[in-house]
C-alpha cells in the first residue's frame with residue numbers, strides 16, 4: 001500500500017515538475033490555456049488522476065486558474081509577477097528539512113553580517129526584547145511552545161529588518177516561515193535554554209559589529225544545533 005502511495009505521489013510530482021517548468025521557461029505564458037487532462041496524461045505517460053491532483057496543487061499555489069467547463073489557464077497578466085515566487089513556494093513545500101536548513105544557513109550567514117554593519121539602536125533593542133521574551137518563556141514550566149516559537153522567529157526577523165533591505169526582509173522571512181515547523185521541533189527536543197544561549201551569541205556578534213569568521217561562528221553554532229534537532233526522533 002505504501003509503495004502504491006509513493007508511486008502515485010511520484011507521478012503527481014512528475015506532472016507538477018513538467019507544468020511548472022513549462023511556465024518557468026515561458027512555453028506557457030500568462031493567460032495561456034493548458035492542455036486538457038487527457039492530453040497531458042497521454043503526453044506524460046501517466047493516468048489522469050495524478051494530473052488532476054497536480055492541477056489542484058497548482059491552483060492552490062496560485063499559478064493557474066481552473067475554470068470548470070472551460071479548462072485550466074496560467075494566471076492572467078495581473079498575476080504574472082507573482083509566478084516566480086509561487087513556483088519558489090511550491091518547490092519549498094516539497095523540500096526536505098535538510099534542503100531548507102541549507103537555504104536558511106545561506107540567508108542567516110549573510111544577513112547577520114549585513115545587520116552587524118547597519119544595525120541601529122532600535123534594531124538592537126528589538127533583538128534584545130525578543131531574546132528576553134524567549135528567556136522568560138523558557139523559565140515558565142507551562143509556557144506555550146507556540147509563544148516560544150514566535151519569540152524565536154521574531155528575533156530572526158529583527159535581524160533581517162536590520163539589514164535595511166526590503167528585498168532581503170521579504171525573501172528571508174518567506175524562507176523562515178517555511179522552516180518554522182522545524183524551528184519549533186528544535187525548541188521542543190533540544191532544550192529551550194540552549195536556544196536562548198545561541199541567540200545571545202548572534203546578538204553579541206551584531207552588537208559588536210563582527211563580520212567574517214567571528215560572525216559566522218555564531219551562525220554555525222545555531223545551524224549545528226538546528227541540524228542536531230532534525231536528526232533526533
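The values are calculated or read from the model by the stated rules, or taken from the named source; none is laboratory data. As the structure is a computational prediction, the values presented were derived from the model and not from experiment. Please note: Cβ atoms are built from the backbone with ideal geometry, for glycine as well, and neighbour counts cover all protein chains shown.
Can you tell me which residue is nearest to residue 144 (Cα to Cα) among those in region 181-196 that are free of Cβ contacts under 8 Å to residues at least 40 places away in the same chain and surrounded by 15 or more Cβ atoms within 10 Å (Cβ to Cβ)?
This residue is 184.
Tally time: how many residues in region 20-49 are part of a helix (DSSP H, G or I) and more than 25 Å from the chain's Cα centre (by Cα)?
Residues flagged as part of a helix (DSSP H, G or I) and more than 25 Å from the chain's Cα centre (by Cα) within region 20-49 amount to 10.
May I ask you to say which residue of 123, 220, 132, 146 is within 26 Å of residue 99 (Cα to Cα), at pLDDT 80 or above and assigned by TED's automatic domain parsing to the domain that holds residue 109?
146
Answer with yes or no whether residue 137 is modelled with pLDDT under 95, in a helix (DSSP H, G or I) and buried (at least 17 other Cβ atoms within 10 Å of the Cβ).
yes
State yes or no: is residue 154 touching a helix residue (DSSP H, G or I) at 6+ places or on another chain (Cβ under 6 Å), in a helix (DSSP H, G or I), surrounded by fewer than 18 Cβ atoms within 10 Å (Cβ to Cβ) and free of Cβ contacts under 8 Å to residues at least 60 places away in the same chain?
Yes; evaluated as a whole, the condition is true for this residue.
Output the residue which, of all residues in region 56-66 that are touching a strand residue (DSSP E or B) at 6+ places or on another chain (Cβ under 6 Å) and assigned to a helix (DSSP H, G or I), is surrounded by the fewest Cβ atoms within 10 Å (Cβ to Cβ).
Selected residue: 59.
State which residue is nearest to residue 120 (Cα to Cα) when the search covers only region 160-171 and only residues that are in a helix (DSSP H, G or I) and modelled with pLDDT of 85 or more.
Within region 160-171, the match that is nearest to residue 120 (Cα to Cα) is 162.
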